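Below: the structure, in structure tokens.
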Amino acid sequence: MICLFAGAHALRTAVLNGTDPWPVVFQVLAAVLLFAAMGLLFVGGYGVSRDAFHARATAIFKPGVTPRTMPMFNDIVFLVFAALSFVIQVWYAPRHLSGSITDAVENALYFAIPGNAMVIARLDTCAVDGGRVLASSAAWLLALVFAASAVSRLKQTANAMRVDRMLHPQSLSPTGLAAVLGIVAVVGIQCLFVGSPIMLLPCSAFIGLPGVLLIGLAPLMFAYVVYAALAALLASGSEK
């Protein structure tokens, strides 16, 4: 998802700069496929013993051959929200720097998310907005909606994780997986939700690809990691 999001922004930036789009398309596609392949190799080699990775891929692309134990509703919602965040960041936010909807979203998320307030303060100091304030607030709003939706199905996800682990044993124990995801979630809370390191970032960090990822995708990734950590923690215990 990170590769696709960054690749889409890189392609858009090149087109806006007047570059011939076709060579850029192939360059961006090559980079996206390379990093996506590295991610798949990591997932395929990380934690799965026997035929777990192959079985999951078969369950997705050939659902009649292998039963799919893991629910995909939350993943689909995440992808839809990431695409919506991209649309807001690229098309809506730059054209609606002010207005009733814009002001309402920005004001609500400014007080609800300390990290978003840090981003807004840093953008104000750097004198760069261009819709970034609204894009950040909208991304956090989508992240909160996703988190609430995913947590409401947390028990079902945990049960599905237990069944999936029985069918496809993994090298990392349930407690170990919960611990790893928990550590990542805690780091995300400090860096994104609280926003302590954000004020240390240079102004250039908010302009290029790192900035668009931080503003448009990082809140959703953080919400997904928190949901996954909670589901893994619940799945590591007994069904009762």
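The values are calculated or read from the model by the stated rules, or taken from the named source; none is laboratory data. If you're wondering where the values come from, they're calculated on a predicted model, not measured in any experiment. As a convention, Cβ positions derive from the backbone with ideal geometry for all residues, glycine included, and neighbour counts pool all protein chains shown. Areas reflect the complete protein model, heavy atoms only, side chains present, ligands, DNA and RNA absent. Shrake-Rupley method; radii C 1.70, N 1.55, O 1.52, S 1.80 Å.
Considering the range 202-221 alone, what residues qualify as being in a helix (DSSP H, G or I) and either open to solvent by 30 Å² or more (accessible area, probe 1.4 Å) or among the acidic types (Asp, Glu) (or both)? Correct list: Cys203, Ser204, Leu209, Pro210, Leu213, Leu214, Met221. Residues that are touching a Cys at 6+ places or on another chain (Cβ under 7 Å), at pLDDT below 75 and under 30 Å from Thr157 (Cβ atoms) are absent from the range 40-57 altogether. Of the residues making up the range 174-190, those that are in contact (Cβ under 8 Å) with a residue 60 or more places away in the chain and not β-branched (Val, Ile, Thr) are Pro174, Leu177.
Of the helices (runs of 4 or more DSSP H) that lie entirely inside the range 80-183, those containing 2 or more residues that are at pLDDT below 90 and crowded, with 17+ Cβ neighbours inside 10 Å span 154-167.
No other residue among Val194, Val226, Val187 is at pLDDT 90 or above and buried (at least 16 other Cβ atoms within 10 Å of the Cβ) apart from Val226. One residue stands out among those in the range 1-33 that are open to solvent by 90 Å² or more (accessible area, probe 1.4 Å) and closer than 20 Å to Leu217 by Cα: the one that is modelled with the lowest pLDDT, which is Leu33.
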